[in-house]
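Colleague: Take a look at the following structure, please.
The values are calculated or read from the model by the stated rules, or taken from the named source; none is laboratory data. Please read all numbers here as calculations on a predicted model, not as lab measurements. Cβ coordinates were reconstructed from backbone atoms using ideal geometry, including for glycine residues, and neighbour counts include every protein chain displayed. Note: areas computed on protein heavy atoms with side chains; ligands, DNA, RNA excluded. Shrake-Rupley method; radii C 1.70, N 1.55, O 1.52, S 1.80 Å.
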Amino acid sequence: YHLVLASRFAGEGLDILADAMQHSSFDPAELSKELGVVLEEWKRGQDSPGNRIYDMMFDTAYTDHPYKRPVIGTEKSILSFTREGILAFYKSHYAPSNMTLIIVGDVDTAAIRKDIELSIDRRFKEGEQEIAQLEKDGAKDTDIKARQRIIDRDVASVRERLEQEIDLVTPTWDE
């Protein structure tokens, strides 16, 4: 995910990204529409000689590497997607421990750091509420412990990265 916005909206941008990462619902109807859009994009690509040559070149050049596969996927892979599969992939791969937050521009570093800390605190509180709801719903102890480990990992990962020094680079321009 990325946002391009005026620096005065950096805090709001961080909120938008955090919300998208933590509360994506993957509405079944919208997901179905989006998969249809992706399939149409794939079909258009198949009608383009340039795209077909590009795909064949990568398939030939990268025989044992993931680069050989088209970024958009294949018709078979697109048709195989289910909401459950996408949710499982999202939960296992879209975690703070797999992400890097990069903020570039005329921003107040101290204010951004505070916004990130507030976001971490909200995530921790939401995690506590999520665990309480699982317990209330009678979820298995193993499921509750697994979810708690994920939440703890997410919060710890962001806190650890936040403790690392933020690099501030001021460009110099040659005249």
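Colleague: From the phi of every residue in the stretch 42-57, what ³J(HN,Hα) in whole Hz does the Karplus formula 6.51 cos²θ - 1.76 cosθ + 1.60 yield, where θ is phi - 60° and glycine or proline is x?
Modeller: The phi angles translate into 4, 4, 4, x, 5, 7, 9, x, x, 5, 5, 5, 4, 4, 5, 4 Hz.
Colleague: Heavy-atom accessible area per residue, the stretch 73-143, 1.4 Å probe: how many Å²?
Modeller: Accessible area per residue, the stretch 73-143: 73 Å².
Colleague: Of the heavy-atom accessible surface of the chain (probe 1.4 angstrom), what whole percent is carbon and sulfur?
Modeller: Details: 7530 of 13590 Å².
Carbon and sulfur: 55 percent of the exposed surface of the chain.
Colleague: Based on the alpha carbon coordinates of the chain, what radius of gyration and maximum Cα-Cα distance (Dmax) apply, in Å?
Modeller: 20.9, 68
Colleague: Still on this structure, please answer the following. What longest range of the chain stays clear of loop-exposed chymotrypsin sites (Phe, Trp or Tyr not before Pro) (DSSP non-H/G/I/E/B, at most 10 other C-beta within 10 angstrom)? Let's see the in-between values first.
Modeller: On the way: sites that count: TYR1, TRP173.
Answer - 2-172.
Colleague: Counting other Cβ atoms within 10 Å, keep those with at most 11, restrict to DSSP loop, and tell me which trypsin sites (Lys or Arg not before Pro) in the stretch 105-158 are left.
Modeller: When the trypsin sites (Lys or Arg not before Pro) of the stretch 105-158 are filtered for loop state and at most 11 Cβ neighbours within 10 Å, LYS140 remain.
Colleague: Also, I was wondering about something else. Relative contact order, percent, of the chain when contacts are C-alpha pairs under 8 Å separated by at least 6 residues?
Modeller: Once normalised by length, the contact order is 25 percent.
Colleague: What 222 nm value per residue comes from the helices of the chain, counting each DSSP H run with n ≥ 4 as -39,500 (n - 2.57) and dividing by all residues, nearest 500 deg cm²/dmol? Write down the numbers at each step before the final one.
Modeller: Numbers: 7 runs with 114 residues, N = 175.
Result for the chain, helices only: -21500 deg cm²/dmol.
Colleague: Something else: Once you've got the Cα coordinates, tell me which of LYS33/LYS68; LYS114/LYS145; LYS114/LYS140; LYS91/LYS136; LYS33/LYS145; LYS68/LYS91 are over 32 Å apart.
Modeller: Correct reply: LYS114/LYS140; LYS33/LYS145.
Colleague: Where the Cα atoms of the stretch 118-157 are projected onto their three principal axes, how long is each span, largest first, in whole Å?
Modeller: 30, 16, 5
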